[in-house]
Every structure is written in structure tokens, then in C-alpha cells.
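One structure is given below, encoded as C-alpha cells.
The values are calculated or read from the model by the stated rules, or taken from the named source; none is laboratory data. No experiment lies behind these values; they were computed from the predicted model shown. Note that each Cβ is placed from the backbone with ideal geometry, even for glycine, and that neighbours are counted across all protein chains shown.
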Amino acid sequence: MALIRALITTILLFLSLVCTAQISKAGDSVFSLLKKQKIEIDRQLSRKSPDLTVYVKIPGRSKLVRVFHEKWPENLEYTYNVLRDKSGRIVLISQSPFSESGDWDITYKQYFDEHGNTLAFERVTGFFNSGCTMDDDAAHEAIVNYYNANFKSIYNSYSLMDSKGKKLVKSKCVFPYNFKNYKIYANLADCLKAYNIPL
């Protein structure tokens with residue numbers, strides 16, 4: 001009887017390991033696909049695509065104002081970029097608060113799949129007065145989260161470096177600005193509504 005129990009336990013353990021390995025491989029392939037989609041969207045954004053629409057939030061106004069030909073209003077609180085793919089589907093929305101001092105900049109990017117679900121979120125910051133760079137150089141922090149179709153985080157990455165790409169030690173840096181007051185939306189509809197972006 002003890003031999004049969006040991007055999008059953010061994011078989012169950014083996015099956016558990018096989019299932020875990022298969023789930024891990026499936027997760028890796030989902031992550032690879034999401035990463036590929038994000039890279040393609042970033043490429044499109046870097047090419048200054050004609051499919052990019054820019055809006056700004058002006059103090060005292062609830063409606064966003066569209067920016068044409070880089071003619072920016074004098075006072076603004078936020079800049080929003082809306083990027084569409086070739087079929088006209090929105091694939092990215094970014095939000096950048098305006099820094100009056102110029103001591104920091106930050107961009108929150110939400111990436112969307114063909115169903116309007118969030119596939120990735122990226123927070124990119126640049127700031128002075130970090131205490132961990134040479135010659136008062138800016139520190140640059142990037143956080144990227146990838147999500148499956150159920151909006152479950154499946155992978156994330158973090159980097160902190162100076163303007164020359166040298167890695168910085170987080171514990172040696174001072175973070176004088178609060179960049180944690182943001183929300184990650186599960187889908188395009190929620191993001192559009194929260195940012196009050198017109199279609």
C-alpha cells in the first residue's frame with residue numbers, strides 16, 4: 001500500500017511539473033507576442049506617424065484642445081498623444097503632465113491590442129536633483145508592465161540610468177518628485193473616458 005501511495009505521489013508530482021512547464025511556455029509565448037506588438041507601436045510612434053493626434057488639457061477647461069502643426073497654447077496642464085494603426089484603430093494613448101520648472105518630465109503610455117484591451121503600460125520619467133548622477137545629469141527611470149487578455153500582469157521590467165545610458169543604483173538616488181499618482185486602465189474605453197479624449 002505504501003508503495004502504491006509513493007508511486008501515485010510521484011506521478012502526481014511529475015504531472016504537476018509538466019503542467020507548470022507548459023503553462024510557463026504558454027506565458028512566455030504570450031509575453032513574446034505582447035513585447036513584439038509594443039515594439040511595433042513604439043516604432044510607429046518614433047516615425048512621427050501621420051496617424052498621431054495630439055491634444056492638450058488647458059487649465060480651467062474640461063474639454064481637450066487639439067494641437068495642429070505644433071502650435072501649442074501658452075498654458076497647459078497635460079499633453080495627450082493618440083496613435084492609430086493603419087486600420088484606424090487606437091493602439092496607444094500617452095499622457096504627459098506639464099512641468100513648469102523643467103526639472104522633470106514624465107510620460108504614461110497605454111498600449112492596446114486589436115480588441116481594445118491594455119497589452120502594456122510604460123511609465124518613463126526623467127528628473128534632475130537625483131543625487132546619483134555626475135555633473136547634475138538627469139536620471140531616467142522606466143517601468144514597463146505587460147498584461148494578458150484578462151488584465152493580469154504577466155511580466156514587468158524596471159530600469160534606472162543616466163543620460164548616457166549608465167545604470168544607476170536606486171538606493172543611492174533621491175526621488176524628489178512624486179511620480180506615483182497615476183492609474184493603469186484595463187482597456188481603451190476606460191482610458192478614453194478617464195482622459196476625456198474625444199473620438
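Entry remark, the range 127-145: residues being without any contact (Cβ under 8 Å) to a residue 24 or more places away in the chain and over 16 Å from residue 35 (Cβ atoms) number 3 in total. Of the candidates 119, 83, the single residue that is over 12 Å from the mean Cα position of the chain (by Cα) and at pLDDT 90 or above is 83. Residue-level check: of (1) under 24 Å from residue 180 (Cα atoms); (2) touching a residue at least 12 places away in the same chain (Cβ under 8 Å); (3) assigned to a loop (DSSP other than H, G, I, E, B), residue 96 misses just (3). If you filter the range 159-182 down to residues that are closer than 23 Å to residue 81 by Cβ and surrounded by 11 or more Cβ atoms within 10 Å (Cβ to Cβ), you find that the one that is modelled with the highest pLDDT is 159. Answer yes or no: is there a residue in the range 19-31 that is surrounded by 12 or more Cβ atoms within 10 Å (Cβ to Cβ) and either within 26 Å of residue 179 (Cα to Cα) or modelled with pLDDT of 90 or more (or both). The answer is yes; a qualifying residue exists. With respect to the conditions (1) at pLDDT below 95; (2) part of a strand (DSSP E or B); (3) among the charged types (D, E, K, R), residue 109 falls short on a single one, namely (1). In summary, residue 174 fulfils each of the numbered conditions (1) under 24 Å from residue 111 (Cβ atoms); (2) of a type outside the set (D, E, K, R); (3) not in a helix (DSSP H, G or I) with the single exception of condition (1). Only a single item in (1) buried (at least 16 other Cβ atoms within 10 Å of the Cβ); (2) assigned to a loop (DSSP other than H, G, I, E, B); (3) charged (D, E, K, R) is not met by residue 86, and it is number (1). The residues of the range 113-149 that are part of a helix (DSSP H, G or I) and acidic (Asp, Glu), listed by number, are 135, 136. Within the range 39-48, at least one residue is modelled with pLDDT under 95 and in a loop (DSSP other than H, G, I, E, B). Restricting 94, 153 to residues that are among the polar types (S, T, N, Q), surrounded by fewer than 15 Cβ atoms within 10 Å (Cβ to Cβ), under 20 Å from the mean Cα position of the chain (by Cα) and at pLDDT 95 or above narrows the list to 153.
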